[in-house]
Amino acid sequence: MRMPRRGLVIQARTRWLLVGLALLFSLVLLMYLLECAPQTDGNGSLPGVVGESMGKEYYQALLQEQEEHYQNRATSLKRQIAQLKQELQEMSDKLKSLQEKKSPKVNGMNYQGTKEQTSNDLLEFLHSQIDKAEVSVGAKLPSEYGVIPFESFTSMKVFQLEMGLTRHPEEKPVRKDKRDELVEVIEAGLEVINNPDEEDGQDEDDGVGDRQLYSENDFIEGYYRTERDKGTQYELFYKKMDGMEYRHVTLFRPFGPLMKVKSETVDISRSIINIIVPLAGRTEAFAQFMQNFRDVCIHQDKRVHLTVVYFGQDGLSEVKSILESVARETDFHNYTLVSLNEEFNRGRGLDMGARAWEKGEVLMFFCDVDVYFTAEFLNSCRLNAEPGKKVFYPVVFSLYNPAIVYANQDIPPPVEQQLVHKKDSGFWRDFGFGMTCQYRTDFLTVGGFDLEVKGWGGEDVHLYRKYLHGDLMVVRTPVPGLFHLWHEKHCADELTPEQYRMCIQSKAMNEASHSHLGMLVFRDEIEAHLRKQAYRTNSEAAG
């Protein structure tokens with residue numbers, strides 16, 4: 001009778017052991033699902049649906065966002081596993097190397113020495129690719145078309161110049177390899193920041209506990225470009241939500257693994273921008289410009305100086321009144337009004353604005369009255385210009401005529417709602433070089449503008465070419481926070497037939513997209529078709 005009791009005890013213990021293992025497995029599975037679960041905002045809302053009822057489209061968009069986040073997280077976990085396997089392999093290789101130290105020599109040379117020489121030769125070649133590329137210093141180029149522009153990106157969007165007929169000025173990376181590439185680059189930048197080496201200038205006494213760790217949520221923006229015979233360069237910027245200090249990481253992929261070029265801390269908290277605006281007339285546009293200036297520069301950024309260079313006497317008193325009104329209402333007095341009683345010359349206006357500054361070195365933003373910018377752009381301006389090293393030439397997104405873009409609405413929406421990157425709303429103005437951020441000493445060193453150029457246009461290209469022919473690096477990239485607002489363009493009767501034709505072509509390019517212009521061209525044909533359709537419908541109803 002004792003044997004059956006022992007069998008029952010063993011069976012009961014086995015059952016409890018299985019139950020315990022099942023509970024342990026369930027706990028591990030729950031922890032994994034919580035780790036991989038997509039994160040959502042606390043309010044559960046998406047851009048564009050705030051205040052709207054939660055319909056089918058809302059849940060589809062939310063589901064898509066969660067799916068993308070899950071896929072990115074899964075990809076990240078797979079990559080971390082691969083890195084752990086690689087580290088394990090490296091440890092194994094180190095153990096092998098200790099054993100191979102006692103291995104016999106081949107042709108008078110130790111096998112391990114041959115292997116190390118090959119590795120050193122490869123590293124030397126990869127570093128030579130970095131030295132050849134335009135990463136640390138600028139390259140002398142023959143013309144403005146020789147620059148390889150960057151494309152900018154955030155964690156969710158890519159802003160691109162080359163669109164063709166299928167791509168969009170702003171879009172999510174569709175191809176999986178491009179998504180994986182950008183995720184890998186962002187994570188590689190985080191690895192450099194969170195695990196610095198001696199070259200990065202970190203204090204040896206700073207332990208991991210004292211060092212502030214960054215995550216993928218701290219990634220602000222990045223730029224990348226590829227030199228086809230050398231590799232791909234990445235400029236990455238990270239910032240904590242509650243800080244003003246940016247971490248800047250430069251990576252380079254020389255058609256091989258990513259290689260760190262540098263890692264540095266960029267403090268822009270005291271970087272003042274002197275925004276210089278040349279102006280003649282157009283007081284209504286200036287009033288609109290000052291509204292944006294008030295919202296962005298005075299209320300948000302608070303680290304700017306405004307220099308307005310006004311040509312002529314007509315409208316000067318109104319411009320003074322606008323500036324004085326803003327000063328009274330906001331207690332903002334960091335502005336300078338330079339009055340020139342002469343014919344308008346944009347280059348001379350910007351040159352006078354640069355020389356009117358008497359407080360030493362300063363970062364300048366050459367701007368126009370039709371340009372709308374955000375506080376994020378001002379930080380991009382600070383991050384991408386460096387005295388004696390590089391100048392920033394952002395590509396502006398130029399908006400089309402709102403009367404055509406929003407023809408199906410009674411009136412166009414407010415300007416703030418028109419600031420979207422779509423093929424039918426605007427285009428990247430990659431042939432324009434008027435908006436630029438550069439330091440005063442660099443501007444004066446290259447000789448400033450060619451003051452022989454009269455009126456609008458031309459002077460910006462001459463200045464741009466001066467930098468291309470010098471040693472400074474030119475950072476050229478589309479930026480999401482810089483827009484050129486549409487305004488009517490007049491083609492004067494005094495122009496020659498060739499000049500008038502070019503003026504009309506420029507007007508058409510700025511007027512509307514290809515598809516919208518096509519609808520205007522074929523408007524009569526479309527209306528005739530609609531009349532026929534209406535007549536056929538009425539005839540069938542009467543019969």
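Listing for the model above:
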| read-out | value |
| --- | --- |
| Enumerated strands (runs of 3 or more DSSP E) restricted to region 224-280, each holding at least 1 residues that are at pLDDT below 95 and polar (S, T, N, Q) | 231-239, 245-253, 259-267 |
| So Asp442, is it at pLDDT below 90 and charged (D, E, K, R) | no |
| The one condition in (1) open to solvent by 80 Å² or more (accessible area, probe 1.4 Å); (2) modelled with pLDDT under 70 that Gln86 fails to fulfil | (2) |
| Where Glu318 falls short, out of the listed (1) surrounded by 13 or more Cβ atoms within 10 Å (Cβ to Cβ); (2) among the acidic types (Asp, Glu); (3) within 27 Å of the chain's Cα centre (by Cα) | (3) |
| Strands (runs of 3 or more DSSP E) contained in region 324-374 and holding at least 3 residues closer than 29 Å to Glu488 by Cα and open to solvent by 10 Å² or more (accessible area, probe 1.4 Å) | 335-340 |
| Qualifying residue in region 383-401 (condition: of a type in the set (D, E, K, R) and in contact (Cβ under 8 Å) with a residue 60 or more places away in the chain) | yes |
| Members of region 378-431 that are closer than 28 Å to Ile276 by Cβ, of a type in the set (Gly, Ala, Ser) and open to solvent by 20 Å² or more (accessible area, probe 1.4 Å) | Gly388 |
| Residue selected from region 126-150 under the condition surrounded by fewer than 18 Cβ atoms within 10 Å (Cβ to Cβ) and acidic (Asp, Glu), by the criterion modelled with the lowest pLDDT | Glu134 |
| Test: residue in region 305-313 that is within 27 Å of the chain's Cα centre (by Cα) and exposed (fewer than 14 other Cβ atoms within 10 Å of the Cβ) | no |
| Hits in region 485-514 (condition: of a type in the set (S, T, N, Q) and under 22 Å from Val415 (Cα atoms)) | Asn510, Ser513 |
| Val474 touching a Gly at 6+ places or on another chain (Cβ under 8 Å) and open to solvent by 30 Å² or more (accessible area, probe 1.4 Å) | no |
| Residues that are aliphatic (A, V, I, L, M), open to solvent by 30 Å² or more (accessible area, probe 1.4 Å) and touching a strand residue (DSSP E or B) at 6+ places or on another chain (Cβ under 9 Å), drawn from region 228-262 | Met244, Leu258, Val261 |
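Each row is one residue, and each column tells you yes or no for (1) without any contact (Cβ under 8 Å) to a residue 12 or more places away in the chain; (2) more than 22 Å from Phe365 (Cα to Cα); (3) not in a loop (DSSP other than H, G, I, E, B).
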position	(1), (2), (3)
Asp424	no, yes, no
Phe427	no, no, yes
Phe443	no, no, yes
Asp460	no, no, yes
Gly481	no, no, yes
His487	no, no, no
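The values are calculated or read from the model by the stated rules, or taken from the named source; none is laboratory data. None of the values given here were measured: they were computed from a predicted structure. Positions of Cβ are generated from backbone atoms using ideal geometry, with glycine treated the same way; all protein chains shown enter the neighbour counts. Ligands, DNA and RNA are stripped out before the accessible areas are found, and what is left, the full protein with its side chains, is counted by its heavy atoms. Shrake-Rupley method; radii C 1.70, N 1.55, O 1.52, S 1.80 Å.
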